[in-house]
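Any read-out appearing in this document is the output of simple, stated calculations on the displayed coordinates, not a laboratory observation. None of the values given here were measured: they were computed from a predicted structure. Neighbour counts are summed over all protein chains in view; Cβ atoms, including those assigned to glycine, are modelled from backbone coordinates with ideal geometry.
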Amino acid sequence: MLKFYTAGESHGRGLVGIIEGMPAGLKINEEYINKELSRRQQGHGRGARMKIESDQLEIYSGVRNCITLGSPISFVIPNQDHKNWQDIMGSGVCENIDDKAVKRPRPGHADLPGAMKYNHSDMRNVLERASARETAARVAAGAFFKQLLAAFNIYIYSEVIAIGAVNYPGYEINPENLSEFHNLVEASAVRCCSKEMEVSMIETINQAIEAGESLGGCFVTGAVGVPPGLGSHVSWDRKLDGRIAGMLMSIPAIKGVEVGDGVVSSTSLGSQVHDQIYYHQDRGIYRQSNRAGGIEGGISNGETLWARAYMKPIPTLMKPLSSVNTETWCAEKAVIERSDVCAVPAASIVGEAMMAYILAGAFMEKFGGDSMRETEQSLSSYRTYLEKVWKWEKI
């Protein structure tokens, strides 16, 4: 099975990633992975850390001459800022270990519950790993999964559709307008296709900066070209929508996920929700709507797959909230750590990576193979079956 792990602290030596189960024979573009890391660092509202780091991947194993070997892939993303934290965050004796000790937990962060769980008096031991800096390793891993999916004409996308109270329905994407969508969203400082909404979002972020506040929002992420049949209805842990929701919820600060029009569907009549099925001899079997988000019964149905993720405001505020000093047990303001004001655009890139991971895993479960050639043969056979038996000609 395809799986990955990450390790590393925000101000440690670097972030580490390991990918297992990648088929042999996939061509890897390292420059593309570094571009993905750069995308995560962009977006109006990001903090000072993004000016320090210039994330660059170092592949240690599993790839030779730009081709995957089938063995575990390992990589490192060095932390440029570690040189300023060596006496605090080193693995050996730290001369200045108490210089940046955290005793005033931030409401909404892992500081306090993490310290209680692992018995840490210095909550820096928690926040360094709980930091969203960890998501750089996820994005790097996601770039490998994206290249695997792209080899089979499956493309991952995302768009920010809300920041604070500013929101809009989002760009209606399909296979025909994917290129136009990509150009619009990548040119936006907040990853929003609507220029009008982009201006309003930037203004809202600027107001939050002046007020010492932080902002959350919503992004949509999905995939074009997903074949029907990924995931399964037979067991709860194989349902594709459940796996996507869980993975998107694992992103720091994400507090809600819906696949397709999940929220609106709960208050609508059945006739207004379900995507009716049609057949035409020139088009084969098709639908005129996609409110289900490309998944029915836990299985991909061949339509564009999409989900929305809702992000809360970042817990670090320049005008901090009330807290308690756990050394003196006196009321104090929460600690201020270097942070973003709004990271929804960055979170959408992490969302792409998580979507790519789940779909790549489900794809390999369905089509298998230790090498790309095996997987290609399996997909080709399945495509022929869909065309002959089910009049499906989209893949």
_Size of charge dipole - the chain - debye, nearest 20, with Cβ of Lys, Arg +1 and Asp, Glu -1, no other charges_ = 400
*Among all the lysines, which ones have a C-alpha under 17 Å from Lys255's C-alpha, if same-chain residues fewer than 8 places away are not counted?*
Lys312
*Ranking Met364, Met249 by Cβ neighbours within 10 Å, fewest first, what do you get?*
Met249, Met364
*Report, to the nearest 10°, how far helix 135-150 tilts away from the longest principal axis of the Cα atoms in the chain, using its own Cα long axis and a range of 0 to 90°.*
10
*Neighbour net charge for Gly114 - beta-carbon separation under 12 angstrom, K R +1, D E -1*: +1
*For the chain, built as a Gaussian network whose Cα springs stay under 10 Å, the top-fluctuating residue of Glu180, Glu20, Glu58*: Glu180
*What is the antiparallel percent of DSSP beta bridges lying wholly in the chain, to the nearest 5?*
95
_As I understand it, the value is the acute angle between the Cα axis of helix 372-390 and the longest principal axis of the Cα atoms of the chain; what does it come to in degrees, rounded to 10?_
50
*With Cβ to Cβ distances under 11 Å as the rule, what net charge do the other residues near Ser323 carry (K, R +1; D, E -1)?*
+2
*When Tyr32, Tyr155 are ordered from fewest to most other Cβ atoms inside 10 Å of their Cβ, what list results?*
Tyr32, Tyr155
_Net charge, Gly242 excluded, C-beta distance under 15 Å - Lys, Arg +1, Asp, Glu -1_ = -2
*In what order do His274, His280 fall by count of nearby beta-carbon atoms within 10 Å, going from fewest to most?*
His280, His274
_Tilt relative to the chain, helix 195-211 - C-alpha long axis, 0 to 90 degrees, to 10_ = 20
*In percent, what relative contact order does the chain have, based on Cα pairs under 8 Å that are 6 or more apart in sequence?*
22
